[in-house]
Amino acid sequence: MNLDQFQKDLVAYASEIGIDKIGFASAEPFYNLRHRLIRQQQLNYQSGFEEPDIDKRTRPALLLDEAVSIIAIAIAYPSKMKDAPQGVKGARRGIFSRSSWGKDYHAALRERLTLLEAFIAAHYPDARMRSMVDTGELSDRAVAERAGIGWSAKNTSIITPEFGSYVYLGEMITNIPFRFDEAMEDQCGDCRLCIDVCPTGAIVEGGQLNAQRCISFLTQTKGFLPDEFRTVIGNRLYGCDTCQTVCPKNKRKANEIHPEFKPDPEIAKPLLEPLLTISNREFKSKFGYVSGSWRGKKPIQRNAILALAHFKEESAVPVLIELLLKDDRPVIRGTAAWALGKIGTEEGLQALKQAQHTEQDEEALAEIQKGLAFFAEELKG
């Protein structure tokens, strides 16, 4: 079979199965990326979620024998939510980032990549393939950039002309010598809005992200959130979209294309207080299909507590006291203590005084002291 024609047929098939962009790149090593990753490790900017072996991240041939090409795919996801519920006093709401509004993108992209693999195998029985999405060794963004899906923006996202940066990325390494697409020129220009408005200064400079300060990363951690970030997390439960929503290239990119990514407003913007007492079974049943649930309920609950503190929501005080005195997780007890101090009710103060005599965990006890300190500061003021 003529390879050029097959590549055209593959592109057409990709569109039929719901792939919005497809590109083809060389499987040569990613030398520039390697230098950036080494520098990232030296500066301790990595999140810890990524593959630690830089060779595996930058040398596709280590992942598939006889690797020649990489197929990059992108699927657009929506940036607008219709009929979004508004939080009010007594019924505050949190927010999941847009990338977690619908069906878990890992599953959605893997389904499409599996179909692509079957299509290729039907025409090239000797084809070797290895697909990955997000949690694979390769950098999805580096592959997408090389394959002409979009350009690597200053906020480190891939921006496509058609869908902005609201795209999920995946790739397939193969031994088929496809014709390669050209990389796209950077179109950010002098714009630095994403750098200037990042709530934590995580975007150190154009194309350089300190993941340790990125809210998207911080909301996925399971321990105590460092104090400096607690007041800027707002009502974010998972992820952060600030550097995307301010980007001029994302204006008017609604991307209402795939029904599976259409958000359920009660999932994407859930009430905060019910999250504090949700069981594991209920959490999995309600939120298990979205990507933001991958770390379990604990980070979401911790973030919900911080959001209630952000709102100074007094209606949450009784449940926060219950968590402070009875929850078996030190992070939840301690975060509840901090929140009670921020909210500042007399009921919360008495609960903190009680807890300081019974708490056995040193970190949780330190949070109780922080909570009590808020009351002391209030008296001084």
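Only the coordinates and a few stated rules stand behind these numbers; no lab work does. Just so you know, these numbers come straight off a predicted model, no measurement behind them. Every residue, glycine as well, gets a Cβ built from its backbone with ideal geometry; the counts of neighbours run over all protein chains shown.
Just checking my list [x] 51; [y] 27; [z] 38 against percent of Cα pairs over 33 Å apart computed from this structure; which label fits? Structure-derived value, by its label: [z]. Once both labels are positioned 7 Å from their Cα atoms along Cα-to-Cβ, the gap between A366 and V246 label points is 3.1 nm. Summing charges over neighbours of T156, with a neighbour being any other residue whose Cβ is under 11 Å away from its Cβ, gives +1 when K and R count +1 and D and E count -1.
Here the scattering of segment 1-134 is modelled by Debye summation over its C-alpha atoms, one equal scatterer each and no solvent; at q = 0.13, 0.17, 0.20 Å⁻¹ the log10 of I(q)/I(0) is -0.77, -1.08, -1.26. Sites listed here are GluC sites (Glu not before Pro) in segment 147-225 whose DSSP assignment is loop and whose Cβ has at most 10 other Cβ atoms within 10 Å: E182, E185.
Segment Q350..A91, full-extension length gain: 90.8 nm, with 0.36 nm per residue of separation and the alpha-carbon distance subtracted. In terms of Cα atoms, the Rg and Dmax of segment 312-381 work out to 10.7, 35 Å.
Computed per residue of the chain from DSSP H runs no shorter than four, each worth -39500 (n - 2.57), the mean residue ellipticity at 222 nm is -12000 deg cm²/dmol. On a per residue basis, the convex hull of the C-alpha atoms belonging to segment 73-198 measures out at 145 Å³. Could you give the length gained on full extension between V232 and L193, defined as 0.36 nm per residue of separation minus the Cα-Cα distance, in nm? So the extension gain works out to 12.3 nm.
Each Lys and Arg adds +1 at its Cβ and each Asp and Glu adds -1 at its Cβ; summed about the Cα centre, the chain shows a dipole of about 680 debye. Along its three principal directions, the equivalent ellipsoid of segment 147-300 from the Cα gyration tensor extends over semi-axes of 30, 21, 15 Å, largest first.
If you take all C-alpha pairs in segment 236-316, what percent of them are over 18 Å apart? Don't skip to the end; give the middle numbers.
Values: 1659 of 3240 pairs.
Tail fraction, whole percent: 51.
For the chain, C188, C191, C198, C214, C240, C247 have no disulfide-compatible partner, since no other Cys C-beta lies under 4.7 Å from theirs. Once C-alpha pairs closer than 8 Å and six or more residues apart are averaged by separation and normalised to the residue number of segment 227-381, the relative contact order reads 20 percent. Label reach from E377 (point 7 Å along Cα→C-beta): in segment 215-237, amide nitrogens under 14 Å belong to 227-232.
Between D181 and K222, what is 0.36 nm times their sequence separation minus the Cα-Cα distance? Round to one decimal in nm. Could the numbers behind the result be given before it?
Numbers: separation 41, 0.36 × 41 = 14.76 nm, distance 4.07 nm.
Length gained, D181 through K222: 10.7 nm.
Name the GluC sites (Glu not before Pro) in segment 7-98 that are in a loop by DSSP and that have at most 14 other C-beta atoms within 10 Å, would you? Hits after loop and neighbour filter: E66.
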